[in-house]
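Readers should treat all values here as calculations from the given coordinates under stated rules, not as data from a laboratory. These numbers were taken from a predicted model, which means no experiment stands behind them. We place every Cβ from the backbone using ideal geometry, glycine too, and count neighbours over all the protein chains shown.
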Amino acid sequence: MSRYYQVEEHMKTFIMLAAIMVCAVSLANADPLDNGLARTPPMGWNSWNRFRTRIDDRMVREIADAMVASGMKDAGYVYINIDDGWQWKRDEKGVLQPNPNFPDMKALAAYVHSKGLRLGIYSSPGPRSCAGYEGSYGHEEIDARTWADWGIDYLKYDWCSAGRIWKDEDMPAVYQRMGEALRQAGRPIVYSLCQYGRAKVQEWGPKVGGNLWRTTSDIRDQWQSMANIGFSQSVLAPYAAPGHWNDPDMLEIGNGRMSPIEYRTHFSLWALLAAPLIAGNDLRDMTPATREILLNQEVIAINQDKLGKPARRVAQDGALEIWARTLADSGTAVGLFNRGEAPARVIVRWSDLGLKGPLKVRDLWSHTDLGNFSEEYAADVPAHGVGLLKLVR
């Protein structure tokens, strides 16, 4: 490395650290920044869970086509998000170029938009992404302007190599820097903070312009991973609201390592949590069971409820849990979960919900009205399964 290059890098780091210090001071008493986006949890698709970095322009176009043809667009899924692996190198002006698998990002965005969908992209506040590609470190403003020029609608911003430069306590100011760059870029862009729930992100995520923030480590297509993540979210419920959402990571439904019963539990829990519904499977080749889960309009309606109040755990008996959230129409959505290894009878009591009967009960998976119940309702729930209900007067 030349002495000139070393001096240049030291200067860039000094300038960045100075900017971060200014941001940190301004955050101390900041109010939430609201870009008017994501009034309900974002719905869409992301490339990472199924494809990792094996992505290209053609595949993204085919996924967009499949989102429309499958009925997912009509169900509310609109974001096509390209994760890590699209980046290449910067030109002489510092503009980040896509790799040869993505010959024209502006044309790709135009194609996705022509389908009535929106295009998302991925970067990191560090020098490198998680997969080792070029990050946005020192180029926040120019990257934000570039994405706006391409027609990008959503940014996932992943901590990764930023940890080599900053400490966790620097996260709020680091993420604010890109938040401000997006605000100045001239295009509405949903801002997704991906830093794995560290540094109490739920407390400062809205202040830096975050529309959603990861609350956990990466999900895997495995029951224990999904359950450990999903059932840990109750304490975070007070921090979510329209425009600002807790994000327990993307959906694994349809990727093949959980059963249909477990995938139904996954979708029900994410709906109750008001979590973003970002599918991670191959939309071009979905089984009827996967399609049935992802397109269940009654469950999606719970997730997209405009009141925006996530569910909390209201009762627990060993492996049996009751989760509930209040809805905008004064109804209550209730999940009866069996985390155990054998079928079990699960009882929800109106007193645990702070309600009095009689209440009408509707099953959101069988799409049937079950009748009026005065004090409680009981259901037989399979191992790793769920009963998802809506209660109304």
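Summary table
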{"quantity": "Length-normalised contact order for segment 266-376 - Cα pairs under 8 Å, 6+ apart - percent", "calculated": "20"}
{"quantity": "Sequence-distant residues sharing a close amide H with W245 (under 5 Å, placed H)", "calculated": "L212, W213"}
{"quantity": "Charge dipole magnitude, Cβ of K and R +1, D and E -1 - segment 3-303, Cα centre, debye nearest 20", "calculated": "140"}
{"quantity": "Charge-dipole axis of the chain as Lys and Arg at +1 and Asp and Glu at -1 on Cβ define it, positive-most pick from G243, I278, I152", "calculated": "G243"}
{"quantity": "Residue-by-residue Karplus 3J(HN,Hα) for segment 287-296, coefficients 6.51, -1.76, 1.60, Hz, glycine and proline x", "calculated": "6, x, 5, 5, 4, 4, 5, 5, 9, 5"}
{"quantity": "Cβ-based exposure ranking for V68, V299, in which fewest neighbours within 10 Å come first", "calculated": "V68, V299"}
{"quantity": "For segment 120-136, 3J(HN,Hα) per residue [Karplus equation, 6.51 cos²θ - 1.76 cosθ + 1.60, θ = phi - 60°, Hz, x = Gly/Pro]", "calculated": "x, 9, 10, 7, 9, x, x, x, 9, 7, 4, 8, x, 8, 4, x, 9"}
{"quantity": "Segment 51-88 and segment 310-364: distance between their alpha carbon centers, rounded to Å", "calculated": "35"}
{"quantity": "Ascending count of other beta-carbon atoms within 10 Å, so fewest first, for E376, E341", "calculated": "E341, E376"}
{"quantity": "Mean separation of Cα contacts under 8 Å (6+ apart) over length of segment 312-392, as relative contact order %", "calculated": "33"}
{"quantity": "Karplus-derived HN-Hα couplings along segment 362-374 (A = 6.51, B = -1.76, C = 1.60, θ = phi - 60°), whole Hz, x at Gly and Pro", "calculated": "10, 8, 7, 9, 8, 6, 10, 7, 9, x, 9, 10, 7"}
{"quantity": "DSSP-loop trypsin sites (Lys or Arg not before Pro) across segment 313-368, with at most 12 other Cβ within 10 angstrom", "calculated": "K356"}
{"quantity": "Rounded FRET efficiency, nearest 0.05, which uses the C-beta distance separating R183 from H113 and R0 of 22 Å", "calculated": "0.55"}
{"quantity": "The chain - share of DSSP beta bridges that are antiparallel (%, nearest 5)", "calculated": "60"}
{"quantity": "For E376, residues with placed amide H under 5 Å, excluding near neighbours", "calculated": "W350"}
{"quantity": "Sequence of S374, S192 once ranked by neighbouring C-beta atoms within 10 Å, starting from the fewest", "calculated": "S374, S192"}
{"quantity": "Percent RCO, i.e. relative contact order, over segment 3-303, from Cα pairs under 8 Å lying at least 6 residues apart", "calculated": "20"}
{"quantity": "Under 5 Å, built H, 5+ apart or other chain: amide partners of Y122", "calculated": "K156"}
